[in-house]
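Asks: I am attaching a structure below and will ask some questions about it afterwards.
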Amino acid sequence: DAFFCFTNLMAETRDSFCQSLDSTEAGVRGTIAQLSALLAIADPELHAHLHAEKVSAQFFSFRWLTLLLSQEFDLPDILRIWDSFFADERRFRFVLLWCLAMLVHVREVLLAADFAGIIKTLQRYPDPDVAALHRLASRFYAQDRAGTLGQSVPAPRRAA
C-alpha cells in the first residue's frame with residue numbers, strides 16, 4: 001500500500017522536478033510563482049514588503065514545496081499535515097495554500113523585519129502551531145474554491 005501511494009505521488013509531482021519544465025506552471029519555478037501570486041492576492045501589504053526587501057519566494061518556498069514542509073515541522077505534525085494534503089483531490093493546491101497560511105500567520109514578524117530577518121524567520125519557521133495553521137490554510141482553501149481569496153484582509157497577529 002505504501003509503495004502504491006508513493007508511486008502515485010511521484011507520478012503527480014514528476015513535472016515539478018523536470019528541468020525542462022522549471023519555468024512552466026507545472027515546474028518548480030511556476031509553482032513558486034503561483035505562491036507569490038497567491039500572497040499578492042491574499043495579503044498585498046505583506047507581498048509588497050517582501051518585494052521591497054528583495055525577498056524572492058524562491059529563497060524560502062523552494063524547500064517548503066519540494067520537501068512538502070517536512071523540514072519545517074516535527075514528524076507527528078508532518079503526518080497530520082500530509083494526511084490533509086493526500087486526502088484532498090487538489091492536494092498540491094492545498095500545499096500552496098498551506099504555505100500561504102504560513103506566511104500570513106507570521107505576517108507581523110515579517111512586516112517588522114528587514115531582508116535578513118525575513119529570511120531567518122522563514123528558513124527557521126518560528127511558530128509551529130499546526131492547528132492554527134490548518135485553520136488558516138482551510139479558510140484560504142475554502143476562499144480559493146469559492147473565488148473569494150483576498151476579499152477579506154487577514155487578521156493581524158498579536159506579538160507574543
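Asks: Of the numbered conditions (1) modelled with pLDDT under 90; (2) within 27 Å of ALA146 (Cα to Cα); (3) of a type in the set (Ser, Thr, Tyr), SER36 fails exactly one; give the number of that condition.
Replies: Of everything listed in (1) modelled with pLDDT under 90; (2) within 27 Å of ALA146 (Cα to Cα); (3) of a type in the set (Ser, Thr, Tyr), SER36 misses just condition (1).
Asks: Sticking with this structure for a sec: Any chance you could count how many residues in region 35-71 are open to solvent by less than 20 Å² (accessible area, probe 1.4 Å) and out of contact with any Gly (no Cβ under 9 Å at 6 or more places or on another chain)?
Replies: Taking region 35-71 and keeping what is open to solvent by less than 20 Å² (accessible area, probe 1.4 Å), we get 35, 38-39, 42-43, 46, 50, 55, 57, 60-61, 64, 69.
Those still in the list that are out of contact with any Gly (no Cβ under 9 Å at 6 or more places or on another chain) too: 35, 39, 46, 50, 55, 57, 60-61, 64, 69.
The qualifying residues number 10.
Asks: For region 92-117, what are the residues that are open to solvent by less than 70 Å² (accessible area, probe 1.4 Å) and of a type in the set (Val, Ile, Thr)?
Replies: Result: VAL95, VAL104, VAL106.
Asks: Next question. Residues that are closer than 18 Å to ALA37 by Cα, open to solvent by less than 30 Å² (accessible area, probe 1.4 Å) and outside any helix (DSSP H, G or I): does region 118-134 have at least one?
Replies: No: zero hits.
Asks: So the check is Cβ under 6 Å with 6+ separation or different chains; which pairs have a first residue in region 95-107 that's within 12 Å of TRP64 (Cα to Cα) and a second one that's polar (S, T, N, Q) and open to solvent by 10 Å² or more (accessible area, probe 1.4 Å)?
Replies: LEU96/GLN34
The values are calculated or read from the model by the stated rules, or taken from the named source; none is laboratory data. As the structure is a prediction and not an experimental result, all values here were calculated from the model. Glycine also receives a Cβ, built like all others from the backbone with ideal geometry; neighbour counts cover every protein chain displayed. The protein model used for the area step is the full one, side chains on, heavy atoms only, and it has no ligands, DNA or RNA in it. Shrake-Rupley method; radii C 1.70, N 1.55, O 1.52, S 1.80 Å.
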